[in-house]
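*Asks:* Mind having a look at this structure? Questions to follow.
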Amino acid sequence: MSWLKKLLALKITKWAIGLTIFLVICSWFCNHWVITSTRSQLYNTVENVPFRKVGLLLGTNKSWHGAENPYFKYRIDAAVALYKAGKIKHIIVSGDNHLSYYDEAKDMKDSLLKQGIPDSCITLDYAGFRTLDSMVRCLEIFGQDSVTVISQAFHNERAIFIANYYKMHAVGYNAQDPPATFSVQTRIREYFAKSKAVLDLYVLHTSPHFLGQKEKI
């Protein structure tokens, strides 16, 4: 019987190795697809960004282990730069506030106000729990199919990929990246997030957590 156990163990090992290789190839393909298909829609300089009435600022936590989160700071700076250059006229701030003490959208709005963006030019989306939610709600709830997405490049790639799936006319303005040593964990997570985006759109057909009543901008 021992040889049967060894044979079974060998087959299981081969299946595990084969499955791992398959998943690695699928993840690489998904990332390659997301990155290459959105490259022409991403901009690094304010001057080159085409005009869109609305900018969609994707939320993130304002602090990181007790210090200021550079992702937060650089996204705010990018949104302010676009507004002051006349590249956008209004900003939808889409973030997560599922906990009473955690409110990405409000924190970002407060920072925008401090930098001179008028309150009348800011709309809050409190149900931007995921990037997919933010993009779909921008289209379905706020009626915007032509927007400038504001986040770091690696995040914009995924957001624009989702926008393209929903036939939105979106471009992305890339906020400054934090130092590479700061963002290793985020980049690893993003690698899997891109694969998940493809799965959500083309296999699972995932919907936002909440839609609700439409809001006019």
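The values are calculated or read from the model by the stated rules, or taken from the named source; none is laboratory data. Keep in mind that this is a model prediction, so the values were computed, not measured. Neighbour counts run over all protein chains shown; Cβ positions are idealised from the backbone, glycine included. Surface accessibility is based on the protein's heavy atoms, side chains included, excluding ligands, DNA and RNA. Shrake-Rupley method; radii C 1.70, N 1.55, O 1.52, S 1.80 Å.
*Asks:* At 1.4 Å probe radius, can you tell me the per residue accessible area of the range 29-115 in Å²? Can you show the working numbers first?
*Replies:* On the way: 4340 Å² over 87 residues.
Value for the range 29-115: 50 Å² per residue.
*Asks:* Using DSSP to call loops (not H, G, I, E or B), can you name the trypsin sites (Lys or Arg not before Pro) in the range 6-67 whose Cβ has at most 15 other Cβ atoms within 10 angstrom?
*Replies:* Here the trypsin sites (Lys or Arg not before Pro) that fit, given the DSSP loop and packing criteria, are 53.
*Asks:* Then there is this: Over the range 127-217, calculate the relative contact order: mean separation of alpha carbon pairs under 8 Å at least 6 apart, over the residue count, as a percent. It would help to have the intermediate numbers written out before the result.
*Replies:* On the way: 104 pairs, mean separation 34.5, N = 91.
In percent, rounded to a whole number, it is 38.
*Asks:* Roughly how tilted is helix 70-84, in degrees to the nearest 10 and between 0 and 90, from the longest Cα axis of the chain?
*Replies:* Between the helix axis and the principal axis of the chain, the angle is about 40 degrees.
*Asks:* Give the carbon-plus-sulfur fraction of the accessible surface of the chain in %, rounded to a whole number; probe 1.4 Å, heavy atoms of protein chains only.
*Replies:* Ligands and nucleic acids excluded, carbon and sulfur give 61 percent.
*Asks:* What percentage of all Cα-Cα pairs in the range 22-100 are separated by more than 19 Å?
*Replies:* Beyond 19 Å sits 56 percent of the P(r) for the range 22-100.
*Asks:* Okay, helix-only estimate at 222 nm for the chain: each DSSP H run of n ≥ 4 adds -39500 (n - 2.57), divide by all residues, round to 500 deg cm²/dmol; what do you get?
*Replies:* Working: 6 runs with 102 residues, N = 217.
Computed mean residue ellipticity for the chain: -16000 deg cm²/dmol.
*Asks:* How high is the relative contact order of the chain, in percent, with contacts defined as C-alpha pairs under 8 Å that are six or more residues apart?
*Replies:* Reported relative contact order: 24 percent.
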